[in-house]
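Enquirer: Submitted below is the structure of interest, expressed as structure tokens.
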Amino acid sequence: MTTPELSDLLQGYHRFREHGWKPERERWATLREGQEPRVMVIACADSRVDPAHIFDVRPGEIFVVRNVAALVPPFETTPGHHGVSAALEFAVQVLKVREIVVMGHGMCGGCKAALTQELHGTEPGKGGFIADWIEMLDKVREPIAREFGTEGRAAERAMEQAAVKVSLENLRTFPCVREKEKRGDLTLRGAFFAISDGALHLLDEATGTFTPA
Ligand SMILES: [Zn+2]
């Protein structure tokens, strides 16, 4: 399998202009006025798990943030550039989305590195940024490592699914999220996309288990 380079992507862009943009001018004219997505999706940056593709939606239909391992950091006011928090704030307070879906996935490199800790102690630019980011999963690593070890699919899947729960927990440390959820204005959902069979699973937070959607 060969994957496209930018020159190939530009051919795709021209196809989009012909078949995606022109026939839907009216729709784009509406979108020009603004966006009103009702769902925010937080997903991994992994090239295999594009939420727009998986949920088969069109431009303007979902508000997406993607990063390494689909993680939401806790509410932190320390100096720094809080990209995920900024996007979350925009989605919740300005767009007023009704649902937030955290979608983890199978074969996640970020979750795997959180298990093996292979990037631990590396410098920023040499793995250090990733190590620092996935440090958020350290607190769930211990019980997983005890039960499944730190290698193999059982351990990896446990970490991938635990990461979704960590993100949901961190989402609830944001006062605006917590308050809206309490009022019933916002619903949080955990999901897991298995690359191997293309199946989406939804988290039942009461039982902690993921079942096919
Ligand atoms: Zn991933």
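Enquirer: Being hydrophobic (A, V, I, L, M, F, W, C), over 22 Å from Pro4 (Cβ atoms) and outside any loop (DSSP other than H, G, I, E, B) is the filter here, so list the residues in region 42-70 that pass it.
Expert: Answer for region 42-70, where residues must be hydrophobic (A, V, I, L, M, F, W, C), over 22 Å from Pro4 (Cβ atoms) and outside any loop (DSSP other than H, G, I, E, B): Ile42, Ile62, Phe63, Val65, Val68, Ala69, Ala70.
Enquirer: Check Glu89 against each of (1) more than 15 Å from the ligand (Cβ to nearest atom); (2) outside any helix (DSSP H, G or I); (3) on the phi < 0 side of the Ramachandran plot; (4) among the charged types (D, E, K, R) and name the one condition it does not meet.
Expert: With respect to (1) more than 15 Å from the ligand (Cβ to nearest atom); (2) outside any helix (DSSP H, G or I); (3) on the phi < 0 side of the Ramachandran plot; (4) among the charged types (D, E, K, R), Glu89 is out only on (2).
Enquirer: Right, next: Would you be able to say whether some residue in region 167-179 is surrounded by fewer than 21 Cβ atoms within 10 Å (Cβ to Cβ), part of a helix (DSSP H, G or I) and within 16 Å of the ligand (Cβ to nearest atom)?
Expert: Within region 167-179 (the criterion being surrounded by fewer than 21 Cβ atoms within 10 Å (Cβ to Cβ), part of a helix (DSSP H, G or I) and within 16 Å of the ligand (Cβ to nearest atom)), the answer is no, since none of the residues qualifies.
Enquirer: Which one of these does Pro73 not meet: (1) at pLDDT 95 or above; (2) surrounded by fewer than 18 Cβ atoms within 10 Å (Cβ to Cβ); (3) of a type outside the set (A, V, I, L, M); (4) in a loop (DSSP other than H, G, I, E, B)?
Expert: (2)
Enquirer: Quick check on region 194-213: of everything there that is of a type in the set (Ser, Thr, Tyr) and without any contact (Cβ under 8 Å) to a residue 40 or more places away in the chain, which residue is farthest from Cys111 (Cα to Cα)?
Expert: Per the criteria, the residue is Thr207.
Enquirer: Considering only residues that are within 10 Å of the ligand (Cβ to nearest atom) and assigned to a loop (DSSP other than H, G, I, E, B), look in region 92-126 and name the one that is surrounded by the fewest Cβ atoms within 10 Å (Cβ to Cβ).
Expert: Met107
Enquirer: So which of Ala191, Ala163, Ala155 ends up being within 17 Å of the chain's Cα centre (by Cα) and not in a strand (DSSP E or B)?
Expert: When all the criteria are applied, what remains is Ala163.
Enquirer: Spot the failing condition for Glu18; the list is (1) more than 16 Å from the ligand (Cβ to nearest atom); (2) surrounded by 13 or more Cβ atoms within 10 Å (Cβ to Cβ), and only one is missed.
Expert: That leaves (2) as the condition not met.
Enquirer: Also, quick follow-up: Identify, by number, the condition in (1) over 12 Å from the mean Cα position of the chain (by Cα); (2) at pLDDT 95 or above; (3) not β-branched (Val, Ile, Thr) that Asn67 doesn't meet.
Expert: (1)
Enquirer: Another question, if that's okay. Please indicate, with yes or no, whether at least one residue in region 146-153 is away from the ligand (no atom under 16 Å from the Cβ), surrounded by fewer than 16 Cβ atoms within 10 Å (Cβ to Cβ) and closer than 21 Å to Asp46 by Cα.
Expert: Yes; the residues of region 146-153 include at least one that is away from the ligand (no atom under 16 Å from the Cβ), surrounded by fewer than 16 Cβ atoms within 10 Å (Cβ to Cβ) and closer than 21 Å to Asp46 by Cα.
Enquirer: Here's another thing I want to ask about it. Taking into account only those residues within region 34-76 that are within 16 Å of the ligand (Cβ to nearest atom) and of a type in the set (Gly, Ala, Ser), which is nearest to Phe193 (Cα to Cα)?
Expert: Only one residue fits best here, namely Ala43.
Enquirer: Can you find a residue in region 120-128 that is of a type in the set (Val, Ile, Thr), at pLDDT 95 or above and farther than 29 Å from Pro175 by Cβ?
Expert: yes
The values are calculated or read from the model by the stated rules, or taken from the named source; none is laboratory data. Just so it is clear, the model here is predicted, and its values are computed rather than measured. Quick reminder, even Gly has a Cβ in these numbers, built from the backbone with ideal geometry, and neighbours come from all protein chains shown.
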